[in-house]
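Colleague: Sending over a structure as structure tokens; questions will come in a sec.
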């Protein structure tokens, strides 16, 4: 009996050990989930030091350095080191550098193979549309216009000698330089008042004080004619211009890699339209004390409908040091993303006042990463355990930031009472269904009804 039992015990031990090795090895080599940190510094040595610090409990390194994004040799050196250390690699390329004749992508020869996960192209394009300055190509007038942070539209050419700037509050600024009227700078107010001034172009556009114009026969346009010429009258047009802008940048990135490049971004708004423009992955922002549940619902819903991957980038909680949340809080955020099916979790590691080689990451954050990694290895948490079965559907072409009552629409318009009502209903649905809710949009080209057992429309009264 002893002779028989001993080989059986030995065999069982071997099976258990082999099984354990397979479990650990399968996680380290699979392509289902990636966790890592960004490096936003300006030199190769610090990047290598950070790689050495985290390579035992992460499997992704993101080079998110603005100062290094056009330095091909340093991108290559850091990438070689990261891959040799067993990490996957991702490279940030911002607006403008993708269009440069000698950008790094045009020279990359594919030598990292599947260890190169793609390009992080543009940071927060949806956020820039909502809150920042954005250049948009207006096809109807064959011109570039600028959406400013204050919601104004500038650079629009009404004709060859007339430039118009539309303000969010309805005021219209006109510059006219053909000498046909005595004013080359005119401001039209929504209440009917019109004021003008002369610009001294020899002194860089300095103008005299605006004077109310009483004789409007001297003007070429009425307020109504100017407002009718507004280049972005509707949400459908705003969406079209946004998609044109982002898809151009994405296509520029893919062009250098024969159309096969994986293109990623991070964003805090308009995730649906990021996917619609062609991004393969969108990392939703966790931070700024915004709802993690809502952030997941918006990006996971869009990824589900467009059959794409999604992730989370854990960013600032504070606008000053220590910037990031505590290690325990970040650990909870990583677990939430993982259990809700994220493919990527990244910790954003940048501030202008960085003094450490590790950026703004503190020891508690490295401990949180190690804890998270160990829990994954030991299967203490389950990937994708939480699945949404209910969808809240927003209107087609709806460009609200969804952050608060009164949030801007496409960065151009103030919210109306109807917008606030939509947001209240969405918040009610989130309160009721929590992580079981996805937030999606009406879109006949990308239907949602077949993917959820329950649908709640934005205009439902009950």
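Colleague: Of (1) 29.7; (2) 24.4; (3) 22.6, which one was derived for mean projected area of the Cα convex hull in nm² from the structure shown?
Modeller: (1)
Colleague: In degrees between 0 and 90, to the nearest 10, how far off the longest principal axis of the chain does helix 44-54 point, with axes built from Cα atoms?
Modeller: 50
Colleague: Once a ≥ b ≥ c are taken as the square roots of the eigenvalues of the Cα gyration tensor of segment 126-192, is the result rounded (a/c under 1.5), prolate (a/b larger than b/c) or oblate (a/b not larger than b/c)?
Modeller: Oblate is the answer for segment 126-192, as a/c is 1.5 or above yet b/c matches or exceeds a/b.
Colleague: Let me ask something additional. Remind me, relative contact order of the chain in percent, using alpha carbon pairs under 8 angstrom and six or more residues apart?
Modeller: Normalised by residue count, the contact order of the chain is 14 percent.
Colleague: Further question on the same structure: Across segment 230-311, what fraction of all alpha-carbon pairs, as a whole percent, falls in each successive 10 Å bin from zero upward?
Modeller: Percent of Cα pairs in each bin: 18, 43, 31, 8, 0.
Colleague: For Cα pairs less than 8 Å apart in space and 6+ apart in sequence, what is the mean separation divided by the residue count of segment 390-457, i.e. the relative contact order in percent?
Modeller: RCO, segment 390-457: 51 percent.
Colleague: If you take every DSSP beta bridge fully contained in segment 390-457, what fraction is antiparallel? Give it as a percent rounded to 5.
Modeller: 20
Colleague: As an exercise, use a Förster radius of 25 Å and the Cβ-Cβ distance of residue 133 and residue 227 to find the FRET efficiency, rounded to the nearest 0.05.
Modeller: Efficiency, rounded to the nearest 0.05: 0.65.
Colleague: On C-alpha positions alone, give me the angle between the axis of helix 2-29 and the longest principal axis of the chain, in degrees, nearest 10.
Modeller: So the helix axis and the longest Cα principal axis differ by about 10 degrees.
Colleague: Still on this structure: Over segment 131-233, what relative contact order in percent results from Cα pairs under 8 Å that are six or more residues apart?
Modeller: 15
Colleague: What percent of all Cα-Cα pairs in segment 390-457 falls in each 5 Å bin, counting up from 0?
Modeller: 4, 17, 27, 23, 18, 10, 2, 0
Colleague: If you line up the long axis of helix 235-255 against the longest principal axis of the chain, both from Cα atoms, how many degrees apart are they, to the nearest 10?
Modeller: The angle comes out at about 50 degrees.
Colleague: Mind running the shape call on segment 313-364? Use the C-alpha gyration tensor, a ≥ b ≥ c as the square roots of the eigenvalues: rounded below 1.5 for a/c, prolate if a/b tops b/c, oblate otherwise.
Modeller: prolate
Colleague: Now for a separate question. Output the peptides 264-274, 315-325 sorted from most to least packed, where packing is the average of other Cβ atoms within 10 Å over each peptide's residues.
Modeller: 264-274, 315-325
Colleague: Where both partners of a DSSP beta bridge lie in the chain, what percent of those bridges are antiparallel, to the nearest 5?
Modeller: Percent antiparallel among DSSP bridges in the chain is about 40.
Every read-out reported here was derived from the displayed coordinates using simple, explicitly stated rules and does not represent laboratory data. As the structure is a computational prediction, the values presented were derived from the model and not from experiment. Cβ atoms come from the backbone with ideal geometry, glycine included; neighbour counts cover every protein chain shown.
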